[in-house]
Amino acid sequence: MASSSSPLVFSVKRRAPEFVRPTNPTPREVKQLSDLDDQEGLRFQIPVIMFYPNNPLMKGKDPAKVIKEALGKALVYYYPFAGRLIEGDNRKLMVDCTGEGVLFIEADADTTLENLGDAIQPMCPCFEELLYDVPGSGGILGSPLILIQVTRLRCGGFIFALRLNHTMSDGPGLVQFLDAISEMAQGLSVPSLLPIWQRELLNARNPPRITRIHHEYEEVTNTKGTLMTMDENNLVHRSFFFGPKEIRALRNRLPASLGACSTFEVLIAYVWRCRTIAFAVDPDEVVRISCLINMRGKRGFDLPPGYYGNAFVYPASITKAGMLCKNPLEYAIRLLKKAKAEMSQEYVKSVADHMVIKGRPSFTQPGNYLISDVTRAGIGEIDFGWGKPVYGGVARALSNISFCMRFRNSKGEEGNVIPICLPPPVMERFEQELKRMTKEEGPVRLITSML
């Protein structure tokens with residue numbers, strides 16, 4: 001395992017936060033979110049970060065100015081992002097399209113991209129400097145829906161960091177908006193893909209009826225006291241890199257009878273199993289993992305191109321902890337495949353109906369682990385004119401939510417990175433189990449220090 005890097009030391013000078021509004025007049029109206037958008041489990045802010053190197057062809061151009069101007073133009077088409085959320089009957093969320101704008105911060109850091117080194121990754125230890133949490137801006141209701149900070153670096157590169165109210169969009173929806181900004185930054189006057197609201201497409205039926213079992217929303221009693229619950233103030237944040245060697249070591253553990261498995265299925269089954277072992281869960285407790293499945297482009301779903309709302313569900317795999325921990329890796333993979341097979345048009349409708357009938361509950365917390373595959377989301381492809389970022393992705397994990405992202409480490413190796421946060425003693429056991437599972441090809445690689 002790689003040694004932890006020394007702490008980064010640099011200063012950031014920020015200008016006062018300002019609101020960027022649509023450059024042209026936009027409709028003053030109230031628009032409802034879908035019944036998938038406004039569930040309790042999505043009422044949080046999701047952070048994204050992108051690191052851009054210097055581009056000599058852009059000499060004399062200020063990335064903050066270019067992006068701010070492009071943002072105002074893009075908001076003409078994506079004007080709901082310039083509004084504020086309000087709540088109606090039965091906790092129904094709506095966007096009041098006030099045109100108040102998106103929060104924008106311009107900043108300068110006395111460091112270079114090269115000096116940042118292994119900090120260019122999820123769990124960046126300096127993230128709070130690169131996306132300032134403007135006091136009063138982080139609420140779900142009545143607050144800005146997006147916060148952006150563009151930080152110029154001494155080398156001519158820059159860092160683009162963003163925080164999104166997740167009820168408004170998922171990863172592909174956010175990328176669609178960022179693509180529009182990038183197109184405006186490079187001279188287009190109209191986005192190549194026009195946004196579509198139509199959130200009613202993912203609303204509950206009338207009358208609503210729950211037709212599927214939804215383990216991801218079950219109310220769970222922590223009967224044995226060993227289910228995974230975490231104190232947000234006492235967590236270690238680390239990222240783990242899985243390159244070709246680690247993936248090969250894991251695949252070597254799988255029987256041919258299992259059939260084809262994606263790298264994502266192999267990795268998350270592995271992480272789920274190691275995580276459960278690390279928590280020392282009572283063997284008779286039920287544990288679960290929820291994998292986000294996006295419905296865009298899938299047969300049977302009629303979402304139009306340009307739809308930028310949340311378009312995913314996360315069916316849960318469940319098992320007793322003892323069965324997960326004592327069985328080989330293929331057991332967890334089979335459970336994941338079974339849960340993914342539940343995805344259907346009827347399943348999605350049942351989720352929306354569940355939200356309305358049950359009062360928009362959150363996903364199960366104790367003993368549940370959520371993970372999203374964003375390797376194809378496209379965050380790392382956003383080009384504001386300076387080229388693609390050296391890293392673009394979700395900035396950090398949450399207490400029981402992780403993201404699997406494409407990543408090139410400092411050695412130039414391509415692989416996947418998964419940021420994880422756990423209590424300190426659990427993290428130590430988790431790393432030990434990761435090492436044991438991949439010992440055929442050497443230890444899994446830790447790429448970030450304790451935060």
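The values are calculated or read from the model by the stated rules, or taken from the named source; none is laboratory data. Small disclaimer: the values here were computed from a predicted structure and weren't measured. As a convention, Cβ positions derive from the backbone with ideal geometry for all residues, glycine included, and neighbour counts pool all protein chains shown. Calculation scope for accessible area: heavy atoms of the full protein, side chains included, ligands and nucleic acids excluded. Shrake-Rupley method; radii C 1.70, N 1.55, O 1.52, S 1.80 Å.
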Need pairs with beta-carbon distance below 8 Å; first residue open to solvent by 50 Å² or more (accessible area, probe 1.4 Å) and within the range 246-262, second of a type outside the set (Lys, Arg); sequence gap 6+ or separate chains. Arg248/Glu441; Arg251/Cys261; Arg251/Val266; Asn252/Glu440; Arg253/Pro328; Arg253/Leu329; Arg253/Glu330; Arg253/Met437
Pairing a residue in the range 181-202 that is in contact (Cβ under 8 Å) with a residue 60 or more places away in the chain with any residue that is of a type in the set (Val, Ile, Thr), where Cβ atoms lie under 8 Å and the two sit 6 or more apart in sequence or on different chains, gives Ile181/Ile67; Ser182/Ile382; Ala185/Val66; Ala185/Ile67; Leu202/Val348
Tell me, yes or no, whether the range 101-110 has at least one residue that is among the charged types (D, E, K, R), assigned to a loop (DSSP other than H, G, I, E, B) and open to solvent by 10 Å² or more (accessible area, probe 1.4 Å). yes
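Output the residue which, of all residues in the range 409-449 that are part of a strand (DSSP E or B) and at pLDDT below 80, is most open to solvent (accessible area, probe 1.4 Å). Let's see the steps before the verdict.
First pass over the range 409-449, keeping only residues part of a strand (DSSP E or B): 414-422, 445-446.
Filter again for at pLDDT below 80, leaving 445-446.
Values: Arg445: 38, Leu446: 13 Å².
Filtering the range 409-449 for residues that are part of a strand (DSSP E or B) and at pLDDT below 80, the one most open to solvent (accessible area, probe 1.4 Å) comes out as Arg445.
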Name, by its number, the condition in (1) at pLDDT 95 or above; (2) on the phi > 0 side of the Ramachandran plot that does not hold for Arg43. (2)
A careful count of residues in the range 352-388 that are basic (Lys, Arg) and within 16 Å of the chain's Cα centre (by Cα) gives 1
With respect to Gly173, determine if the residue is out of contact with any Pro (no Cβ under 8 Å at 6 or more places or on another chain), outside the structural domain of Pro419 (by the TED database) and in a loop (DSSP other than H, G, I, E, B). no
Looking at (1) in contact with a strand residue (DSSP E or B) (Cβ under 7 Å, 6 or more places away or on another chain); (2) under 30 Å from Leu57 (Cβ atoms); (3) modelled with pLDDT of 90 or more, can you tell me which one Thr375 breaks? (3)
Please verify whether Gly393 is within 18 Å of Phe240 (Cβ to Cβ) and at pLDDT 90 or above, treating the condition exactly as stated. yes
Restricting to the range 201-221, what's the tally of residues that are out of contact with any strand residue (DSSP E or B) (no Cβ under 8 Å at 6 or more places or on another chain) and part of a helix (DSSP H, G or I)? 2
What are the residues in the range 289-337 that are over 21 Å from the mean Cα position of the chain (by Cα), under 30 Å from Val175 (Cα atoms) and β-branched (Val, Ile, Thr), if any? Ile333
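Conditions tested, residue by residue: (1) under 26 Å from Glu200 (Cα atoms); (2) acidic (Asp, Glu); (3) in contact with a Phe, Trp or Tyr (Cβ under 7 Å, 6 or more places away or on another chain).
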residue	(1), (2), (3)
Asp284	no, yes, no
Val287	no, no, no
Ser344	yes, no, no
Tyr347	yes, no, no
Ser350	yes, no, no
Asn368	no, no, no
Which residue pairs have Cβ atoms under 8 Å apart, sit 6 or more places apart or on different chains, and have a first residue in the range 126-142 that is assigned by the TED database to the domain that holds Glu87 and open to solvent by less than 30 Å² (accessible area, probe 1.4 Å) and a second that is among the hydrophobic types (A, V, I, L, M, F, W, C) and in a loop (DSSP other than H, G, I, E, B)? Cys126/Leu8; Cys126/Phe10; Phe127/Ala395; Leu130/Cys124; Leu131/Ala395
Can you list the strands (runs of 3 or more DSSP E) found entirely within the range 1-90 that contain at least 2 residues being open to solvent by 60 Å² or more (accessible area, probe 1.4 Å)? 12-14, 18-20, 30-32, 84-87
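On the given criteria, is Gln365 among the polar types (S, T, N, Q) and either at pLDDT 90 or above or not assigned by the TED database to the domain that holds Thr319 (or both)?
Details: among the polar types (S, T, N, Q): yes; either at pLDDT 90 or above or not assigned by the TED database to the domain that holds Thr319 (or both): no.
Judged against the criteria, Gln365 is not a match.
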Provide a single number: the residues in the range 380-408 that are touching a Gly at 6+ places or on another chain (Cβ under 9 Å), hydrophobic (A, V, I, L, M, F, W, C) and open to solvent by 40 Å² or more (accessible area, probe 1.4 Å). 1
Could you list all residues from the range 296-323 that are touching a strand residue (DSSP E or B) at 6+ places or on another chain (Cβ under 6 Å), open to solvent by less than 30 Å² (accessible area, probe 1.4 Å) and over 26 Å from Leu178 (Cβ atoms)? Ala316, Ser317, Ala321
Please determine whether any residue of the range 113-121 is touching a residue at least 60 places away in the same chain (Cβ under 8 Å) and either touching a Gly at 6+ places or on another chain (Cβ under 9 Å) or part of a strand (DSSP E or B) (or both). yes
Only one of (1) surrounded by fewer than 24 Cβ atoms within 10 Å (Cβ to Cβ); (2) more than 21 Å from the chain's Cα centre (by Cα); (3) under 18 Å from Glu69 (Cβ atoms) is not met by Leu162, so which one is it? (2)
Which condition number does Ser350 fail, the rest of (1) part of a helix (DSSP H, G or I); (2) open to solvent by 10 Å² or more (accessible area, probe 1.4 Å) being met? (2)
